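For reference, the structure discussed in these notes is given below.
The values are calculated or read from the model by the stated rules, or taken from the named source; none is laboratory data. In this text, all values refer to a predicted model and were calculated from it rather than measured experimentally. Cβ placement follows ideal geometry from the backbone for every residue including glycine, while neighbour counts extend to all protein chains displayed.
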Amino acid sequence: MQIFNVRYNSIGEFERYLDTQNIQDGDNLLLQIFTSINDEEIIAALLQDITKLLPRAQIIGATTDGEICNEKVMTHTTVISISIFEKTKLKTALVTNVNDSKKMGQEMAQELLCQDTKLIITFADGLYTNGEEYLQGLASVDEKVIVAGGMAGDYATFRATYVFTRDKIVSNGAVGVSLSNKELMVFTDHNFNWLTLGRDMIITHVEKNRVYTIDGISAYDIYKKYLGEETAQQLPAIGIEYPLVIKKDGKRIARVSTAELNSAEFRKKYYELETCQMVTSYILVMAMLHRYYTLL
């Protein structure tokens, strides 16, 4: 297996890069595209150029809120990760969300799972899909298969995020690719790089991933109390910089706000937390990112 990461600027430059690296088109070629371009027509044109150049390659991709290429974090770019396999079978799929993220996960697994599938890489939209329910759906079909991926972004505008394959682009759904090979070895790791701030708090009113109150106070007022009104007014966009950390089963999980809504019934602001379904017994703390430059 070989992996190449390249910043995409033009189809001509990309073609020269492929020639320089001696990368040939084939069914064993996987392209993962991460792009800041949040325009469906421009994404479609990009896919058309790439598929003309590599008509047999498997492609999945997503819009982003920042891109990573060869250990460098960038913004407002397009990055393509190229994986070349020898024996591994690749299969891609796209499933639309019909207001049931768990069912969407089940459908994705049913589309992708083959004999000897070891890994599924999947990207879901960042505004409509409940990521935790989506993962539950995938696991309900086969909990032994490792799942990697993430949710699409749109630079905190919260208007539309896109995921795509070589053939289709959607703003409400998920894409995925399965890697199947009985000899394939998959190793996983994670890096939790958030420093917690303040004391532990209890979620006192929650419905699925919508948090109404924390310690009996509205989610908005919690941010206002600990980080100031100026920061609170920037929600939900500022949520990516100050996520809430859930302590669950001895593990810490960071979740960011993805929407701010007003409930006439409760007359309080509440927030949707990305991919998170919580109950009132979970412990919450606020967090900030600890930045460092050592690659683990």
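Quick one: is Y226 crowded, with 17+ Cβ neighbours inside 10 Å and at negative phi?
Judged against the criteria, Y226 is not a match.
Looking at L135, is it assigned to a strand (DSSP E or B) and more than 20 Å from K89 (Cβ to Cβ)?
On the way: assigned to a strand (DSSP E or B): no; more than 20 Å from K89 (Cβ to Cβ): yes.
Spelling it out, it is not the case that L135 is assigned to a strand (DSSP E or B) and more than 20 Å from K89 (Cβ to Cβ).
What about K91, is it touching a Cys at 6+ places or on another chain (Cβ under 9 Å) and either modelled with pLDDT of 95 or more or surrounded by fewer than 19 Cβ atoms within 10 Å (Cβ to Cβ) (or both)?
Against the criterion (touching a Cys at 6+ places or on another chain (Cβ under 9 Å) and either modelled with pLDDT of 95 or more or surrounded by fewer than 19 Cβ atoms within 10 Å (Cβ to Cβ) (or both)), K91 qualifies.
Being surrounded by fewer than 14 Cβ atoms within 10 Å (Cβ to Cβ) and under 24 Å from L119 (Cβ atoms) is true for just one of E86, E41. Which residue is that?
Answer to the check: E86.
Quick check on my filter: what residues within region 152-196 are outside any loop (DSSP other than H, G, I, E, B) and over 30 Å from V245 (Cβ atoms)?
Across region 152-196, the qualifying residues are F164, T165, I169, V170, V177, S178, L179, S180.
Do we have any residue at all in region 141-151 that's surrounded by 20 or more Cβ atoms within 10 Å (Cβ to Cβ), within 18 Å of D39 (Cβ to Cβ), of a type in the set (A, V, I, L, M) and within 12 Å of the chain's Cα centre (by Cα)?
no
Residues checked against (1) of a type outside the set (S, T, N, Q); (2) more than 16 Å from the chain's Cα centre (by Cα):
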{"site": "N97", "(1), (2)": "no, no"}
{"site": "L112", "(1), (2)": "yes, yes"}
{"site": "F123", "(1), (2)": "yes, no"}
{"site": "Y134", "(1), (2)": "yes, no"}
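Could you look through region 101-138, keep only residues that are among the acidic types (D, E) and touching a helix residue (DSSP H, G or I) at 6+ places or on another chain (Cβ under 9 Å), and pick out the one that is surrounded by the fewest Cβ atoms within 10 Å (Cβ to Cβ)?
Among them, the one singled out is E133.
Could you check region 156-183 and list, in sequence order, the residues that are surrounded by fewer than 17 Cβ atoms within 10 Å (Cβ to Cβ) and either under 30 Å from M1 (Cα atoms) or modelled with pLDDT of 95 or more (or both)?
D167, K168, K182, E183
Can you name the number of the only condition in (1) β-branched (V, I, T); (2) buried (at least 19 other Cβ atoms within 10 Å of the Cβ); (3) more than 22 Å from F34 (Cβ to Cβ) that V98 fails?
(2)
Do we have L53 as modelled with pLDDT of 95 or more and over 22 Å from the mean Cα position of the chain (by Cα) here?
The answer is yes for L53.
Taking interchain pairs and intrachain pairs at least six residues apart, which have beta carbon atoms under 6 angstrom, with the first residue in region 111-125 and within 25 Å of Y162 (Cβ to Cβ) and the second assigned to a strand (DSSP E or B) and among the β-branched types (V, I, T)?
Matching pairs, first to second residue: L112/I120; L119/I146; I120/V147; I121/V177; F123/V163; F123/V175; D125/V163.
List every residue pair whose Cβ atoms sit under 6 Å apart, with the two residues 6 or more apart in sequence or on different chains, where the first one lies in region 12-23 and is in contact (Cβ under 8 Å) with a residue 40 or more places away in the chain and the second, anywhere, is crowded, with 17+ Cβ neighbours inside 10 Å and of a type outside the set (V, I, T).
Once the first residue is in contact (Cβ under 8 Å) with a residue 40 or more places away in the chain and sits in region 12-23, its partners that are crowded, with 17+ Cβ neighbours inside 10 Å and of a type outside the set (V, I, T) give F14/Y8.
What number of residues within region 189-216 are under 22 Å from T129 (Cβ atoms) and surrounded by fewer than 17 Cβ atoms within 10 Å (Cβ to Cβ)?
Residues that pass the stated criteria total 3.
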